[in-house]
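Down below is the structure, laid out as structure tokens.
The values are calculated or read from the model by the stated rules, or taken from the named source; none is laboratory data. These numbers were taken from a predicted model, which means no experiment stands behind them. Positions of Cβ are generated from backbone atoms using ideal geometry, with glycine treated the same way; all protein chains shown enter the neighbour counts.
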Amino acid sequence: MKQYRILVVDDESDVLSVSERILTRLGYKVIPFTNSKEALELYKNLFSQFDLVITDFRMPSLNGLQLCKEILKITPNMPVIICSGYASEFGHEEADELGVKWFIRKPFLKTEFVQLVEKTLGVGHQE
């Protein structure tokens with residue numbers, strides 16, 4: 001079975017840690033970043049090694065949509081999930097224009113998060 005590699009970017013280390021723990025327990029290889037600019041630099045060099053990107057929407061310096069825009073310039077078909085606790089500020093129209101189809105509102109339930117990741121990757125797990 002293929003081990004999927006997921007880039008997870010969130011400036012809140014607690015949220016990043018929870019996401020990483022959930023995904024790792026399911027067998028995914030998680031590459032976590034609290035800094036979106038550093039995550040983008042790594043992605044530029046290793047983009048072919050990723051199967052999914054999960055990013056927070058609201059982050060300093062490079063927000064989730066800006067990060068998605070740069071990622072999708074490199075790999076237009078890369079699936080991206082944007083997480084946000086600020087649904088009213090989230091730019092759904094801009095996300096649609098970029099081709100971002102998946103969004104989850106924080107705080108999210110573990111089952112909701114797992115289901116969205118599996119749906120996005122087209123896989124299923126049994127816990």
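Side notes on the structure shown:
- Flag not set for residue 30, criterion: touching a Pro at 6+ places or on another chain (Cβ under 9 Å), in contact (Cβ under 8 Å) with a residue 24 or more places away in the chain, hydrophobic (A, V, I, L, M, F, W, C) and under 21 Å from residue 11 (Cβ atoms).
- Taken over region 3-44, the criterion of being part of a helix (DSSP H, G or I) and among the β-branched types (Val, Ile, Thr) is satisfied by 15, 18, 22, 24.
- Pairs meeting the criteria (first residue in region 99-118 and modelled with pLDDT under 90, second residue assigned to a helix (DSSP H, G or I) and of a type in the set (Ser, Thr, Tyr), beta carbons under 8 Å, at least 6 apart or on different chains) are 102/120.
- Any chance residue 24 is under 12 Å from the mean Cα position of the chain (by Cα) and modelled with pLDDT of 95 or more: no
- Residue check, residue 5 within 20 Å of residue 106 (Cα to Cα) and of a type outside the set (Val, Ile, Thr): no
- Inside region 65-102, residues that are of a type outside the set (D, E, K, R) and more than 25 Å from residue 27 (Cα to Cα) make up a count of 16.
- Hits in region 34-50 (condition: surrounded by 18 or more Cβ atoms within 10 Å (Cβ to Cβ) and touching a residue at least 40 places away in the same chain (Cβ under 8 Å)): 50
- When the residues of region 1-22 are filtered to those that are within 22 Å of residue 62 (Cα to Cα), in contact with a helix residue (DSSP H, G or I) (Cβ under 8 Å, 6 or more places away or on another chain) and aliphatic (A, V, I, L, M), the one that is surrounded by the most Cβ atoms within 10 Å (Cβ to Cβ) is 9.
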